[in-house]
Amino acid sequence: MHGESRKGYACAPIFGPIWAVWTDFSSVRCARLKAHDISGVLAYCRIELDGPEHRLNTVDNRIRMRTKDRVAARLIGLSRPAGRLELHLDRYNFGNSARGAEILSGTFRLGGYVIRAPGRSMWDIASPGPAFDYARHGFLWLDDLVALGSRNARIRAKQWTTQWIAQYGNGRGPGWTADLAARRLERFSDDAVWLIKGAQAVDADGLNLTIARHLRFLSRRTNQSLPVVSYFRVLCLIASASHQLDNVTTASDLLHELERACHDLIDAEGGVTTRSPEDLVTILRHLERASRAILASDGHVGSEHAMAMSRISQAIRTLRHSDGHLPRFHGGDSSVPGMIDGVLQRVGLRAPVRNAAMGFNRLTRGRSVLIIDAALPPIADNPMQAHASTLAFEMTAGRNPLIVSCGPGEPFGQDWARAARGTPSHSTLVVDGHSSSRLDAHKRRADMMVEGPGEVKARSGHDSDAAFIGSHDGYARSYGLTHERSLVLSLAGDTLHGQDRLISPDEPRRRVFERALNRMTGSRRGVPEGIPFVIRFHLHPDSTASLDMNGRAVSVELQNGELWVFRCDPKVMIRLDPSVYLEKTAREPRTTLQIVLSHRASGFDTRVGWSLIKTRDATEDLHDLEPRDPF
């Protein structure tokens, strides 16, 4: 292999990577390498730098990957690959016009940061952190300017795209990773018509060369160490443009790699290991687009590719609420229903809705739908996004969300992102203010989920009523307690009965519980005996809630006039607390309310019963047919 990689390229494979890295840091142009040398160095990079781990075993894996990306990017930046600009008239990414207007005014909300720099170019702003650079170099802001669509928005987008090509299009800067390059390539292709037409247009030849360089970079930096969504994004983009690659063997290999990914990374139920419902839509969107591009170039869509789209489509239908949105677990947002409908329609595969998919159970009766997180959190496969949401549920009545999760906090900064992943941000039980899964407090691994329940049990029944019962041991190690939740949705879908239990099922856990109880009683003198816990039910901000029946019930009025009344056991204290509703498309968190039940576990089996009953039907059917504007 080593001999083959060096054949015909003289000394370039030996000194190429070292020379490229040296010039990257010294800003010396590597003009000595000719075009045919660069091809050899790139081949060498793919073989040598992606080889066995012991070749770079003295470097941390993340640094190793950055080094490989930097070497490949600098070498590709010295090349001028051939290609042609293909214009796409359909868009797959949707921005926010309000954020676009903010960008024009000089306010940049990127990566959880808010930077105000009126009159300055985006690329002249000092980066406050990696998340800001990720959003900036991923061209997420371009979606917002396209959504705004004004003449000034178009001119600003063209200016900043031209500046990026001039400063970073030759392989420099922090934006040359496989995931970011794929995000940029997707937006360059989608918005090419928008960018190369009209006043101050981006140079078509320069954009064409940039797209060709991105394709070559991705064809050499695609590997399975990427997150699953990024891996599919890269593979599908390359598959969509495989006929533009100058190396037929490379294109064929990557198409086979896409087939293997569909077989290995999409399970029999159409789920992925990240357990994020939004990831399913993203992957299906890329697979569908790749299939259309392959067919348009007289290619053949592989059987695993087609089967993966079928399985994912069924999983998405299973996970959707009755208003068309997705549940907001494990870093995912609810997505725009119209976009989901469009992807499912283009795939064109109809399959019956199941009762479970990707670790989520679905209860549906009448016009009500419940989605319950009934599996282990994805600690191994999605540690930076996983939520401590075991046994949490969301509920929708018709087209009106009722019980929700707080949602993804990443767009609002690191503190919001961390808080949104905790158990208190979900509609479930919380013991002593602690989450059922825990994030690492170590600085190098901050925000990485490292511990969660060891076992989650769940089963459901679908006779006349729809019923669910599940349990997890996320509090067993610290408190000796297992949380068990049962839910029963009536045949008409107008009554939900629930019970939450905290039990110590065996002698070892009872000893842990007694130690925790003694420790808590000794440190908190003057308070009632027992381990405190609360049960939270976050309400959608479009609903209106108030305490009723002398503080023993909560009335919740939905946007269409439906009235639901929440009651609980008399021994339990009930209150309304402030909450937030986080959306990736929103500029600020939306304020809302949550129902909070407070009680204490003083024995080996503590039970809290509650109910949610519809007492008044909708007063205006028209409101039930009009989805809320997601922006």
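The values are calculated or read from the model by the stated rules, or taken from the named source; none is laboratory data. This structure is a prediction, so every number in the text was calculated from the model and none was measured. Backbone-built Cβ (ideal geometry, glycine too); neighbour counts: all protein chains shown. Please note that ligands, DNA and RNA were not included when accessible areas were found on the heavy atoms of the full protein model with its side chains. Shrake-Rupley method; radii C 1.70, N 1.55, O 1.52, S 1.80 Å.
Determine, yes or no, whether Pro505 is within 23 Å of the chain's Cα centre (by Cα) and either open to solvent by less than 10 Å² (accessible area, probe 1.4 Å) or over 18 Å from His599 (Cα atoms) (or both). So Pro505 fails the test. Kindly indicate whether Gly461 is modelled with pLDDT under 95 and of a type outside the set (Lys, Arg). The answer is yes for Gly461.
For Ala351, the criteria (1) open to solvent by 40 Å² or more (accessible area, probe 1.4 Å); (2) in a loop (DSSP other than H, G, I, E, B); (3) modelled with pLDDT under 90; (4) not charged (D, E, K, R) hold in every case but one, which is (1).
Residue-wise test of (1) at pLDDT 95 or above; (2) buried (at least 23 other Cβ atoms within 10 Å of the Cβ); (3) assigned to a loop (DSSP other than H, G, I, E, B).
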{"position": "Leu363", "(1), (2), (3)": "yes, yes, no"}
{"position": "Ile371", "(1), (2), (3)": "yes, yes, no"}
{"position": "Ala375", "(1), (2), (3)": "yes, no, yes"}
{"position": "Asp381", "(1), (2), (3)": "no, no, yes"}
{"position": "Ala386", "(1), (2), (3)": "no, yes, yes"}
{"position": "Thr390", "(1), (2), (3)": "yes, yes, yes"}
{"position": "Pro401", "(1), (2), (3)": "yes, yes, no"}
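Every test in (1) in a helix (DSSP H, G or I); (2) more than 30 Å from Arg367 (Cα to Cα) is passed by Ser225 save one, and that test is (1). Within the stretch 546-567, being open to solvent by 20 Å² or more (accessible area, probe 1.4 Å) and free of Cβ contacts under 8 Å to residues at least 60 places away in the same chain holds for Ser546, Leu547, Asp548, Met549, Asn550, Gly551, Arg552, Glu557, Leu563, Arg567. Considering the stretch 178-200 alone, what residues qualify as being open to solvent by 40 Å² or more (accessible area, probe 1.4 Å) and either under 18 Å from Arg80 (Cα atoms) or not charged (D, E, K, R) (or both)? Listed by number, the residues that qualify are Val193, Gly198, Ala199, Gln200. Against the test of being on the phi > 0 side of the Ramachandran plot and either modelled with pLDDT under 95 or part of a strand (DSSP E or B) (or both), the options Asp447, Asp500 yield a single qualifying residue, Asp447.
Within the stretch 453-478, the set of residues being touching a residue at least 60 places away in the same chain (Cβ under 8 Å) and part of a helix (DSSP H, G or I) is empty. Screening Glu86 with (1) at pLDDT below 75; (2) open to solvent by less than 30 Å² (accessible area, probe 1.4 Å); (3) out of contact with any Lys or Arg (no Cβ under 7 Å at 6 or more places or on another chain) gives one miss only, at (2). Residues that are of a type in the set (D, E, K, R) and assigned to a helix (DSSP H, G or I) within the stretch 145-187 comprise Arg151, Arg154, Arg156, Lys158, Asp179, Arg183, Arg184, Glu186, Arg187, listed in sequence order. Looking only at the stretch 235-271, which residues are modelled with pLDDT of 80 or more and open to solvent by less than 10 Å² (accessible area, probe 1.4 Å)? Passing the criteria: Leu235, Cys236, Ile238, Ala239, Leu258, Ala261, Cys262, Ile266, Gly270, Gly271.
Taking the stretch 286-335 as the range and being of a type in the set (D, E, K, R) and touching a Gly at 6+ places or on another chain (Cβ under 9 Å) as the test, the residues that pass are Arg311, Asp323, Arg328, Asp333. Of everything in the stretch 480-494 that is without any contact (Cβ under 8 Å) to a residue 60 or more places away in the chain and open to solvent by 10 Å² or more (accessible area, probe 1.4 Å), the residue that is farthest from Arg515 (Cα to Cα) is Val488.
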